[in-house]
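S.K.: Pasting a structure below so you can have a look.
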Amino acid sequence: MAIRLQRLPSASPAVALAARAIAILLALVTAGLLLAASGAQPLKLAQQVLKSTFGSGFGLEDVGLLVTPLILTGLSVAVALRIGAWNIGAEGQFYAGAFAATGVALFIPGPSIVMLPLMFIAGALGGLIWILVPTLARAYADVSELITTLLLNFVATLLVYYVATGPWLDPGGHALATTARLKHDMPEFIGIVHWGFPMAILLAVITAATFSFTRWGYEVRIAGSNPQAAKYAGMPFRRHLIVVMLLSGAIAGIAGMLEVAGTVHRLQGGISNNFGYLGIMVAVLARGSCIGVIAGAALMAVILNSGIILQTQGVNTSTVLAITGLILFFTAVGDELAHFRIVSSKPAEA
Amino acid sequence: MAMPDVTERPRPAPGTPPLVQLRGIAKYFPGVVANQDVDLEVRPGEIHALLGENGAGKSTLMNILTGIYQPDAGEIIIDGYLKSFASPVEAIAAGIGMVHQHFKLVRAFTVAENIHLGWSETPRRISAQELEARTAQLSASLNLAVRPDARVDELSTGEQQRVEILRVLARNARVLILDEPTAVLTPSEARELFKALKEFVARGNAVIFISHKLDEVLEISDRITVLRGGRKVATEPTSACNEKMLAKLMVGHEIVLDDLRARGPNAIAKSNEPVVSLREVTARDSTGHTVLNKVSLEIAGGEILGIAGVAGNGQKELSELLTGMRAASSGQIMLGGRDVSAASAGDFVDFGVGHIPEDRLRSGLAPALSVTDNAVIREYDRAPVSLGPWYRPRAAAALARRIAEAAAVMVPNYSMPIRNLSGGNQQRFVARREMRIATKLLVAAYPSRGLDVGAINTMMRYFVELRDAGVGIVVISEELEELLNLSDRIAVMFHGEIMGIVDSAGADIEQIGLMMGGQRAATPVRAAAMVH
Ligand SMILES: Nc1ncnc2c1ncn2[C@@H]1O[C@H](COP(=O)(O)OP(=O)(O)OP(=O)(O)O)[C@@H](O)[C@H]1O
Ligand SMILES: [Mg+2]
């Protein structure tokens, strides 16, 4: 009787879920041991985190604020993956969306009921324009979108720094490096969580449904999986590539708009909080599933929020970052291990 | 079909243990018994053929022997020692190497780089020249001609296969497993391969050879093992076998070959108007080379036109042209009286043109997607699979089930990736899917590649049914015998041109052979074809 490991091509959902739970638990235990080794009291800290996050409505609201942009940037990356493209530039599109929405809010007068939809459109367009060049370069010259989208992130970051500290600097002079407070706020949904939260969830659901239940979604599925087969079936691969990538950019742009209009209310450097890059991790955690992005974003938001709480408890930022990394690393390992099962192979009866 | 000359082979000394012994191997996939109770013994110096219907479990068994899959029961004994392989790397270290039906070379690398990739004996730091010199040396010592500095994507299929074999033999394999190696080879490439295999086993090594071509199995093998439904049904010396009994062993009953050219009583006669006509069509590849030169052809409804020729003489391009996947650079394509020279593949589908492509995995399927997704690729844009812009997964699954049933393919789970089906079953599935939409024209490139005898026979019968229903059919094949049996006329291609078109009835095989080598048909035949 020999015991062996066998790798299955696809893991069963129950096993995958269990593997994730175990992975997160192990990551936390490891982090706890590390914290204990550095003289902190991990159990007390954990208790503090749990109490601050789930013990009161406020904690959950904080998570709700973080989850909104994460759903959208995660969705942005997941959507591009559908056609086989890696959008590393959700970060830049986020900035571009925030920038465009702020511009509209600052320079066009009007009541909020008109301005918020306008800002929303501007945000989407900003993100879309930011991914336009990488999209066309990929579609017509086969230039890898990986590098072009990434490079544009730096451009967008610098652009926002520049306007927030220069031309658009708050004339009232209350703040040093931000624009004036915008006059139009996303209305609140629950507590401090604005309507962007249900909108993000709705967008994820609509996108998922579009991929599953429309002809267009089917074509994108085929084209993303095997462009040759799309050609064979007479599907316009290039058109789908362009539309899907632009959609991906627009979604990240919307995330940026909601962040200024709902949470920060000003445009400032660093407004993205790395949400664009974290979106890549959210999409990977969700294995590219548009609905899964909601769960992935929730997990990521809890991790981020716990990090903030730990910082207030005197744990330094790099430790927090290390714990975040540990959790992601363990989940990735858990995902892979979920593909294996143990088999015992009996020798043949001779 | 020459019988093998068994007497000449070195016989292993009595008492030599078999190189490979499989005992009681079983492998289960969800809903499928791929192997059960399989025993196999491979002796030094022999070419051992493995036969069986599509889905009989041949590839699975070999994947177990090479460590890609782990058996659910049974033992692997190599040279008398019990072994277990966790990966192909361990199998090759024990002297067992496999060349898969779908090659696994890195296309952007040179031959030398591919040979040395992932090999423990490759020096850490080495220049391209040295790599190529080492490869040339290996190639000479193993008597397998390759071009070390060529990039893999410029090689013909036969050359790529030689690189794969060299890659395995360079790692000192003593057992070489070939999964349907000749399905993609020209007859002369196949002969070269056989020569190399005989030399290889003459050195005391062994070959396990999977094929659906009974004639070549009888020609080259020493012993034959037949699998049916995952179980071994027989192992016989080749000298005691013939095609008929092998076919019977594989399917469990005799196969009656039909007379295919005869038309049934209710058959629609060949139409006077062609469904498709090409007028002086020229096509170029991306580098500007002429791949089709002034091809003129007419295919009538209710006729089967065979395209003969050595692979790589423009057949693939012709099939792409006839299905809208490739644009002509000059000339005119008419489909049922409409000029479609500028139409897309989608337009051709709407017009009722089905296409069984040459490379099914690469262009006819999305291997990573589900059976259902792949089933509806031709009909997703019409009812019942879609209503307006909406796609209906349940209707799609129902269509997938219908196609699988018609193709006689057992699918345990329609949401599993289609690449989990056996090679031949993927093919049957594509063929059936295409026949559904081929109401005017069916273009079938090498339709019998990878199919078992029974399945070939069934497929030919389907073609005949379509023909009798008035559909025009173009069959591209290298098997002249198959074309002569099936088609009404045969066009012969050479260097992107049509050398001539002959009637199959009373065709002169020798003349077709000459045309395949580049000689034009005698004037009367050609004139008849052009006037048509
Ligand atoms: N990874 C897998 N998951 C599920 N089923 C599988 C998998 N691999 C093979 N099978 C099933 O196991 C059976 C045997 O397949 P296998 O590929 O060994 O057949 P084969 O004899 O090589 O056939 P062919 O001549 O068509 O290549 C088939 O029914 C196939 O669908
Ligand atoms: Mg096979």
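The values are calculated or read from the model by the stated rules, or taken from the named source; none is laboratory data. In this text, all values refer to a predicted model and were calculated from it rather than measured experimentally. We place every Cβ from the backbone using ideal geometry, glycine too, and count neighbours over all the protein chains shown. Surface areas here come from the heavy atoms of the whole protein model, side chains and all, with no ligands, DNA or RNA. Shrake-Rupley method; radii C 1.70, N 1.55, O 1.52, S 1.80 Å.
S.K.: Within segment A:222-242, take every residue that is part of a helix (DSSP H, G or I) and touching a Ser or Thr at 6+ places or on another chain (Cβ under 9 Å) and give me the one that is farthest from the other protein chains (Cβ to nearest Cβ).
M.R.: This residue is A:Ile242.
S.K.: In the list A:Phe211, A:Phe275, which residue meets the criterion of being of a type in the set (Phe, Trp, Tyr), in contact (Cβ under 8 Å) with a residue 40 or more places away in the chain and away from chain B (no Cβ under 14 Å)?
M.R.: Of A:Phe211, A:Phe275, the one residue that is of a type in the set (Phe, Trp, Tyr), in contact (Cβ under 8 Å) with a residue 40 or more places away in the chain and away from chain B (no Cβ under 14 Å) is A:Phe275.
S.K.: So if I check each of B:Ala445, B:Ala455, which one is touching a residue at least 12 places away in the same chain (Cβ under 8 Å) and either over 16 Å from the mean Cα position of the chain (by Cα) or away from ligand 2 (no atom under 16 Å from the Cβ) (or both)?
M.R.: Sole residue among the options that is touching a residue at least 12 places away in the same chain (Cβ under 8 Å) and either over 16 Å from the mean Cα position of the chain (by Cα) or away from ligand 2 (no atom under 16 Å from the Cβ) (or both): B:Ala445.
S.K.: Right, something else. Listed residues B:Gly500, B:Gly506, B:Gly518; which is crowded, with 22+ Cβ neighbours inside 10 Å, over 20 Å from the mean Cα position of the chain (by Cα), more than 16 Å from ligand 2 (Cβ to nearest atom) and more than 14 Å from chain A (Cβ to nearest Cβ)?
M.R.: Every option except B:Gly500 fails the conditions.
S.K.: Still on this structure: From B:Pro88, B:Pro123, B:Pro17, which residue is surrounded by fewer than 22 Cβ atoms within 10 Å (Cβ to Cβ), modelled with pLDDT under 90 and over 23 Å from B:Arg167 (Cβ atoms)?
M.R.: B:Pro17
For (1) more than 19 Å from B:Ser84 (Cα to Cα); (2) out of contact with any helix residue (DSSP H, G or I) (no Cβ under 9 Å at 6 or more places or on another chain), each residue gets a yes or a no:
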{"residue": "B:Leu19", "(1), (2)": "no, yes"}
{"residue": "B:Phe29", "(1), (2)": "yes, no"}
{"residue": "B:Glu46", "(1), (2)": "yes, no"}
{"residue": "B:Thr66", "(1), (2)": "no, no"}
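S.K.: State the number of residues belonging to segment B:386-395 that are at the interface with chain A (Cβ under 8 Å from one of its Cβ atoms) and either assigned to a loop (DSSP other than H, G, I, E, B) or in contact (Cβ under 8 Å) with a residue 24 or more places away in the chain (or both).
M.R.: Residues meeting the conditions: 2.
S.K.: Note down all Cβ pairs under 6 Å where the first residue falls in segment B:147-165 and is free of Cβ contacts under 8 Å to residues at least 60 places away in the same chain, the second is open to solvent by 20 Å² or more (accessible area, probe 1.4 Å) and of a type in the set (Ser, Thr, Tyr), and they're at least six residues apart or on different chains.
M.R.: Cβ pairs passing all conditions: B:Asp149/B:Thr110; B:Arg151/B:Thr110.
S.K.: Filter segment B:185-213 for residues that are in a loop (DSSP other than H, G, I, E, B) and modelled with pLDDT under 85; which is nearest to ligand 1 (Cβ to nearest atom)?
M.R.: B:Leu185
S.K.: Scan segment B:423-434 residue by residue and report those that are open to solvent by less than 20 Å² (accessible area, probe 1.4 Å) and in contact with a strand residue (DSSP E or B) (Cβ under 9 Å, 6 or more places away or on another chain).
M.R.: Within segment B:423-434, B:Gln427, B:Val430, B:Ala431, B:Arg433, B:Glu434 qualify.
S.K.: State all residues of segment B:369-380 that are facing chain A (nearest Cβ under 7 Å), closer than 14 Å to B:Asn413 by Cα and among the aliphatic types (A, V, I, L, M); if no residue qualifies, say none.
M.R.: Hit for segment B:369-380 is B:Leu369, nothing else.
S.K.: Scan (1) open to solvent by 40 Å² or more (accessible area, probe 1.4 Å); (2) within 14 Å of ligand 2 (Cβ to nearest atom); (3) in contact with a strand residue (DSSP E or B) (Cβ under 9 Å, 6 or more places away or on another chain) for the single condition B:Tyr28 breaks and write down its number.
M.R.: Unmet condition: (2).
S.K.: Looking only at segment B:35-59, count every residue that is surrounded by fewer than 24 Cβ atoms within 10 Å (Cβ to Cβ), within 14 Å of chain A (Cβ to nearest Cβ) and either on the phi < 0 side of the Ramachandran plot or within 14 Å of ligand 2 (Cβ to nearest atom) (or both) and tell me the total.
M.R.: 4
S.K.: Within segment B:174-184, which residues are away from ligand 2 (no atom under 16 Å from the Cβ) and either open to solvent by 10 Å² or more (accessible area, probe 1.4 Å) or of a type in the set (Ser, Thr, Tyr) (or both)?
M.R.: Within segment B:174-184, just B:Arg174 meets the criteria.
S.K.: Which ones in segment B:300-338 are of a type in the set (Asp, Glu) and either open to solvent by 30 Å² or more (accessible area, probe 1.4 Å) or within 21 Å of A:Gly234 (Cβ to Cβ) (or both)?
M.R.: B:Glu317, B:Glu320, listed by residue number.
S.K.: Is it true that some residue in segment B:217-225 is within 16 Å of ligand 2 (Cβ to nearest atom) and surrounded by 20 or more Cβ atoms within 10 Å (Cβ to Cβ)?
M.R.: yes
S.K.: From A:Ser212, A:Ser248, which residue is open to solvent by 30 Å² or more (accessible area, probe 1.4 Å), assigned to a helix (DSSP H, G or I), in contact with a helix residue (DSSP H, G or I) (Cβ under 8 Å, 6 or more places away or on another chain) and over 26 Å from B:Leu321 (Cα atoms)?
M.R.: Criteria check complete, one pass: A:Ser212.
S.K.: Shifting gears a bit: Would you mind stating whether B:Ala383 is more than 12 Å from chain A (Cβ to nearest Cβ), part of a loop (DSSP other than H, G, I, E, B), over 25 Å from the mean Cα position of the chain (by Cα) and at pLDDT below 90?
M.R.: When the stated conditions are applied, B:Ala383 does not pass them.
S.K.: Could you give every pair whose Cβ atoms fall below 9 Å, whose first residue belongs to segment A:218-247 and is more than 15 Å from B:Val376 (Cα to Cα) and in the same structural domain as A:Asn87 (by TED's automatic domain parsing), and whose second residue is hydroxyl-bearing (Ser, Thr, Tyr) and outside any helix (DSSP H, G or I), counting only separations of at least 6 or pairs across chains?
M.R.: As it stands, the answer is A:Pro236/B:Ser344, since those pairs meet every condition given.
S.K.: Would you check if there is a residue in segment B:61-72 being within 12 Å of ligand 1 (Cβ to nearest atom), of a type outside the set (A, V, I, L, M) and touching a Phe, Trp or Tyr at 6+ places or on another chain (Cβ under 8 Å)?
M.R.: yes
S.K.: Suppose the filter is open to solvent by 30 Å² or more (accessible area, probe 1.4 Å) and in the same structural domain as B:Val281 (by TED's automatic domain parsing); does B:Arg382 pass it?
M.R.: Taking the combined requirement at face value, the residue does not satisfy it.
S.K.: Among the residues of segment B:401-422, which ones are in contact with a strand residue (DSSP E or B) (Cβ under 8 Å, 6 or more places away or on another chain) and either more than 16 Å from ligand 2 (Cβ to nearest atom) or open to solvent by less than 40 Å² (accessible area, probe 1.4 Å) (or both)?
M.R.: B:Pro412, B:Tyr414, B:Ser415, B:Met416, B:Pro417, B:Ile418
S.K.: Name the residue that is farthest from ligand 2 (Cβ to nearest atom), counting only residues in segment B:423-435 that are more than 14 Å from the chain's Cα centre (by Cα) and away from chain A (no Cβ under 14 Å).
M.R.: Among them, the one singled out is B:Met435.
S.K.: So, one more: Six or more apart or on different chains, Cβ atoms under 9 Å: show the pairs whose first residue is in segment B:16-39 and acidic (Asp, Glu) and whose second is open to solvent by 70 Å² or more (accessible area, probe 1.4 Å).
M.R.: B:Asp37/B:Arg231; B:Asp37/B:Lys232; B:Asp39/B:Arg23; B:Asp39/B:Lys232
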